[in-house]
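Chemist: The structure is given below, and queries will be raised subsequently.
The values are calculated or read from the model by the stated rules, or taken from the named source; none is laboratory data. Quantities reported herein were computed from a predicted structural model and do not represent experimental measurements. Virtual Cβ from ideal backbone geometry, glycine too; neighbours counted across all protein chains shown. Just so you know, the surface numbers come from the protein's heavy atoms only, side chains and all, with ligands and any DNA or RNA stripped out. Shrake-Rupley method; radii C 1.70, N 1.55, O 1.52, S 1.80 Å.
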Amino acid sequence: IVADLQTILEHGKALPGLELAWLGDGNNVLNSIIEAAGLLKFNVRLGIPEGFDSDPAYIETARQRGARITTYRDAREAVANAQVVVTDTWVSMHDPESAKERRHNQLRPYQVNEELMAKAKADALFMHCLPAHRGEEVAADVIDGPQSVVWEEAENRLHVQKALMEFLLHEQRKG
């Protein structure tokens with residue numbers, strides 16, 4: 001999530017008060033975003049179908065720290081006036097193959113496409129932690145379009161990982 005936040009800052013968006021829209025299911029990536037929202041005072045608009053909600057403990061903690069976390073069952077409402085739109089894969093490695101079609105059917109209305117991006121602010125950023133499945137959680141014209149910062153996000157993740165490795169090696173040498 002640090003790389004994601006760095007990417008947002010590099011595009012001139014302040015974190016306090018930021019309106020970030022998440023579309024998809026309540027997975028580990030979303031839980032990290034919600035946790036960061038509580039620490040850094042930005043707001044998260046959750047576009048999530050019934051039954052796919054995020055862990056309520058993360059939401060409650062973020063709210064107690066001053067973040068506004070709002071759940072919408074309509075993707076268009078979730079992205080309305082958002083400054084950043086984020087999604088992730090619909091099927092995780094641990095999900096059984098039998099669940100794939102059901103998940104796709106339930107999450108299809110939450111696909112980030114041009115129509116949804118048009119509901120966000122005109123200068124909204126699109127983010128995805130990759131790998132992405134074009135035509136599933138995101139349309140090709142969005143991930144490859146001018147609002148997408150997924151490659152910058154991936155590059156920032158590389159730099160964060162290198163810094164973390166350097167820190168850990170330094171700590172190991174000290175200990």
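Chemist: Looking at (1) touching a residue at least 24 places away in the same chain (Cβ under 8 Å); (2) over 18 Å from ASN113 (Cα atoms), find the lone condition where VAL142 falls short.
Modeler: VAL142 satisfies all of (1) touching a residue at least 24 places away in the same chain (Cβ under 8 Å); (2) over 18 Å from ASN113 (Cα atoms) except (2).
Chemist: Please verify whether the stretch 77-90 includes one or more residues that are more than 20 Å from MET117 (Cα to Cα) and out of contact with any Gly (no Cβ under 7 Å at 6 or more places or on another chain).
Modeler: no
Chemist: Let me ask something else about it. Could you tell me whether any residue of the stretch 104-113 is closer than 24 Å to VAL142 by Cβ and of a type in the set (D, E, K, R)?
Modeler: yes
Chemist: Moving to a separate point now. Is it fair to say VAL29 is β-branched (Val, Ile, Thr) and within 14 Å of VAL84 (Cα to Cα)?
Modeler: No: the conditions fail for VAL29.
Chemist: Taking the stated definitions as given, is HIS11 closer than 20 Å to GLU153 by Cα, open to solvent by 70 Å² or more (accessible area, probe 1.4 Å) and not polar (S, T, N, Q)?
Modeler: yes
Chemist: Working only within the stretch 33-91, note down all residues that are polar (S, T, N, Q), within 17 Å of CYS129 (Cβ to Cβ) and at pLDDT 95 or above.
Modeler: THR87
Chemist: For the stretch 117-149, how many residues are acidic (Asp, Glu) and open to solvent by less than 30 Å² (accessible area, probe 1.4 Å)?
Modeler: 1
Chemist: Tell me, yes or no, whether the stretch 150-172 has at least one residue that is under 22 Å from ARG45 (Cβ atoms), in contact with a Phe, Trp or Tyr (Cβ under 9 Å, 6 or more places away or on another chain), outside any helix (DSSP H, G or I) and among the hydrophobic types (A, V, I, L, M, F, W, C).
Modeler: No, the stretch 150-172 contains no residue that is under 22 Å from ARG45 (Cβ atoms), in contact with a Phe, Trp or Tyr (Cβ under 9 Å, 6 or more places away or on another chain), outside any helix (DSSP H, G or I) and among the hydrophobic types (A, V, I, L, M, F, W, C).
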